[in-house]
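The structure follows.
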């Protein structure tokens, strides 16, 4: 699992039905790389979150049929103060 | 899921039947790295898209038997203006 | 499988039920990159551990339904002295 | 899926039976990194090919039981002239 | 699949039963990065080997229930002389 910070919600003009109706969030990793995840938790911009990848991401989204390879699975209270 | 920009369609002289009949697109990532995805959505060159990898890519292509590890799953309206 | 050193336990304010009740550890890889794993073994900060990723991580956590993509699967007695 | 150029066939002195009897090819990626794939298509040294990774690689090799994580799935006619 | 050179066997003070009883080898990749694999073949330090990752690694270890994400699947006779 990886640590990311939520930057903003993503709005798409066209998407596959199988992605479901969870919010889609843009994330930034510790090294600045961007990725995109489904969010069943309700994380807000600025929150530090844990993400789950691969097949477990589908289960984490609430349904093994959901189309995703990255899902937010938890919010960390305060990453900076923990990272010491 | 990752963010890529569509560069062009890919024409292959020989390919496995199991890849099906969806268009194949060459994508460029935010850091310039190239990859190749099936496109069930109809993205055009220049479009910014979301891609799904791993086993979910097969489902995203419309059939769990399709041979792919990367499938375009959505088009982002305007990545530059969102990325602020 | 990869080699990581345990840095500390991670406390989350909100997480998916499916992650279960195993401790969550923050790990640092040989190149300094951070990741997060479930810990069914009881590794302590400073321990060098082996991690299993992908679908096997779920089985390693004791239940194929557990939400994880990285699980600690063993403790190495003394990595520095082995790495010669 | 990724783009690779075939460099040569690989000869192994010992290998698991489950890898089957397809030719094994050494590939070089766009950034020079090397990898190894099963080849059900018959690509020749110098050919640019598309590879499929992860679980779909096993199906691409013709049998879900084949031991592989990377399989050549198509030949690109002329990568240099397409990459414009 | 990737090319690695075996460096040494790994001794663990504590490990999950599900990893089974195959030897565990530390490997070095072409770029020097280290990883750890199960070895059903009996590769010796200095041998160049092919590794299989992801779910196929479990099958390669002889049993889909084995806990691993990387398994040695073959020995290359002489990598240096082939790599020309």
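What follows draws every value from the coordinates through simple rules; no lab data is involved. The structure presented is a predicted model; accordingly, all values stated were derived computationally and were not measured. Don't worry about glycine lacking a Cβ; one is built from the backbone with ideal geometry, like all the others, and counts go over all protein chains shown.
When only Cα pairs under 8 Å and 6 or more residues apart are kept, what is the percent relative contact order across the range C:12-56?
Over the range C:12-56, the number comes to 26 percent.
Let me ask another. Determine the shielding of peptide E:14-25 by partner chains: average, over its residues, the number of Cβ atoms on other chains within 10 angstrom of each Cβ.
Counting Cβ atoms of other protein chains within 10 Å of each residue's Cβ and averaging gives 4.
Still on this structure, I have one more. Given 20 °C and 1.002 mPa s, how large is the Stokes-Einstein diffusion coefficient of the protein assembly as shown in µm²/s, with Rh as the Kirkwood radius over Cα pairs?
98
Please compute the average number of Cβ atoms from other chains found within 10 Å of each residue's Cβ in peptide A:45-53.
Mean number of neighbouring Cβ atoms from other chains: 4.
By counting other Cβ atoms within 10 Å of each Cβ, how are A:1, A:19, D:12 ranked from fewest to most?
Ranking A:1, A:19, D:12 by Cβ neighbours within 10 Å, fewest first, gives D:12, A:19, A:1.
Given Cα pairs under 8 Å that are at least 6 residues apart, what percent is the relative contact order of chain A?
Relative contact order for chain A comes out at 30 percent.
Which semi-axes, in whole Å and largest first, does the equivalent ellipsoid of chain D have when worked out from the alpha carbon gyration tensor as the square roots of 5 times its eigenvalues?
Three semi-axes, in Å: 22, 14, 10.
In the range B:35-84, what is the volume of the convex hull around the alpha carbon atoms, normalised per residue and reported in Å³?
So the per-residue Cα hull volume is 81 Å³.
I need A:58, C:44 ordered by Cβ neighbour count within 10 Å, fewest first.
The most exposed by this proxy come first: C:44, A:58.
Please give the length that would be gained between residue C:7 and residue C:78 if that part of the chain were fully extended, namely 0.36 nm times their separation in residues minus their C-alpha to C-alpha distance (nm, one decimal).
Extending this stretch completely gives an extra 24.0 nm.
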